[in-house]
Amino acid sequence: MKNYTTIVLGAFCALFLTSSAVHAQEGNVKSYGDAIDAKGAISTAELVKVMEEKEEFTTKVEGEIITSCAMKGCWMDMQLPNGEVMKVRFKDYGFFVPTKGLEGKMAVMQGTATRETLDVATLRHYAEDAGKSKEEVEMITEPENNLMFLADGVLITF
């Protein structure tokens, strides 16, 4: 009987801890901008594939944050599976995300993806905003054609 009680108690504890972990995870999602949900979000790999054939695509996308603007939180960079980085800006600068602590966090964003060419001055500005050293900033000498995402709303899992 003692073993049976131990097993039941252990199972109850495991169920409680699992349930608590799920609720804690849900509680650590913060919303920025328009209220959105994660339903229907595509992966960054799917987005890259779609953008091979389109100039513009409105969607929800989920991916990993590399960094955010250290000055105001007015942009963030997302990792793409092809090794590239997607710059995420926020519609009408109507909202901002945290300036630090986003590295490696997952985000779901709703908005529109496009391709854009960024000139050297803009790339250097972003590098300065990200806190790069003067030497790193000066190493930027060529414009880049990158995927860009203009987000209406963002969910970040902390």
For this session: Please give the direction-averaged projected area of the C-alpha convex hull for region 31-157, in square nanometres with one decimal.
Result: 7.3
Exercise. Once both labels are modelled 7 Å past Cα along the beta-carbon direction, what's the Thr114-Glu144 spacing in nm?
Worked result: 1.9
Exercise. Setting aside same-chain residues fewer than 8 positions from Lys132, which lysines have a Cα under 20 Å from its Cα?
Worked result: Lys72, Lys87, Lys100
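The numbers here are math on the coordinates, done by the rules we state, and not lab data. Computed from a predicted structure; not experimentally measured. All Cβ positions, glycine included, derive from the backbone under ideal geometry; neighbour counts span all protein chains shown.
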